[in-house]
1. So who's got an amide H within less than 5 Å of the one on Leu164, skipping anything under 5 residues away but keeping other chains? H placed 1.01 Å off N, in plane.
2. How big is the range 39-113 by Rg and Dmax over its Cα atoms, in Å?
3. Go ahead and run the numbers for FRET between Ala37 and Ala130, Cβ-Cβ distance against an R0 of 22 Å, rounding to 0.05.
4. In nm, to one decimal, how far is the modelled label at Gln169 from the one at Glu23, with both set 7 Å along Cα→Cβ?
5. Top mean-square fluctuation among Leu137, Leu52, Leu115, Gaussian network model of the chain, C-alpha springs under 10 Å?
6. Take every DSSP beta bridge whose two residues both sit in the chain, then give the antiparallel share in percent to the nearest 5.
7. Starting from the exponent 0.38 and prefactor 2.2 Å, build the expected Rg for the range 54-185 from its residue count and divide its actual Cα Rg by it.
8. Find which of Phe158, Ala146, His133 sits farthest along the positive direction of the dipole of the chain, computed with +1 on the beta-carbon of Lys and Arg, -1 on that of Asp and Glu, about the Cα centre.
Amino acid sequence: MTKERVPPGQGVTKGWPLLHVGEVPTTPAADWRIRVAGEVASSLELSWSEFLALRQTRLHADFHCVTGWSKLDNDWQGVRLDELARAAGVKASARFVRFADPQGYDTTVPLALALDEGLLAHRHGGAELASEHGGPLRAVVPSLYAWKSCKWVTTIEFLAAEQLGFWEQRGYHNGADPWREERLV
Ligand SMILES: Nc1nc2c(c(=O)[nH]1)N[C@H]1C(S)=C(S)[C@@H](COP(=O)(O)O)O[C@H]1N2
Ligand SMILES: [Mo]
C-alpha cells in the first residue's frame, strides 16, 4: 500500500498559518550570529556572511503542524545540518541536537534524523524567509511535527543526552512523528 500524502488527523491548508510564542525578532540578517556548540571538536560562531558561504542546498517537503494543518510542497533553501556538524567536528558522543532561538524557545531532535534531513533555512518559495516565519534563519525537520522546526535559530547545540524542549516540557510528545500521531503524552 502506498503511503497517504497527508498524515492522519491533518488537513491541507493553502495559506501559511503563523504559530509562535514570543515576539518576531527585528535583528537584521547581517547582524545574525549562529552558534554551534556542545559535543563538537570546536565550537563555531558564524556571522551571516560566513553562514551564507557554506554549501547551500534545497529541500522540498511538506510541513505538518500538530494543531491540524499541513502545508504541502514547501521549497526551502539553506544549509544542511550535516554541513554544520562537519564544520564543527561533531563528536561520536552526540545523540541529539538542540535548536534554540534567543527568546527561550527550543526543541531537540534525534541526531541521526537531523543529519539526514535537517536544514537551516533562510529562503522559502524562492524568496527570503519572512521574519514572522522564522527569518532570517529557521530549522526545518520535515518528518516531525512543525514545533520541531525552530524559528529564529541562533543556537545549535549537539547533545549526548536528550533534553526536553519548550513544548515537550508542556506535554507535547517528544517523538513528534505525524504518521504515528505523536501529539501529546
Ligand atoms: N522560535 C520558535 N520556533 C517555533 C515556534 C515558536 O513558538 N518559537 N513554534 C513552532 C510551532 S508550534 C510551529 S507549528 C511552527 C510554525 O511555523 P510557521 O509560523 O512558520 O508556520 O514553528 C515552530 N517553531
Ligand atoms: Mo505547531
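1. none
2. Reported Rg and Dmax, both Å: 14.5, 40.
3. So the FRET efficiency works out to roughly 0.20.
4. Inter-label distance under the simple model: 2.1 nm.
5. Fluctuation is largest for Leu52.
6. 85 percent
7. Taking the Cα Rg and dividing by 2.2 N^0.38 Å, one obtains 0.98.
8. Of the options given, the answer is Ala146.
Quick note: the coordinates plus some simple rules give every number you see, no bench work behind them. Here the structure is a predicted model, which means the values were calculated and not measured. Note: ideal-geometry Cβ built from the backbone for every residue, glycine included; neighbour counts use all protein chains shown.
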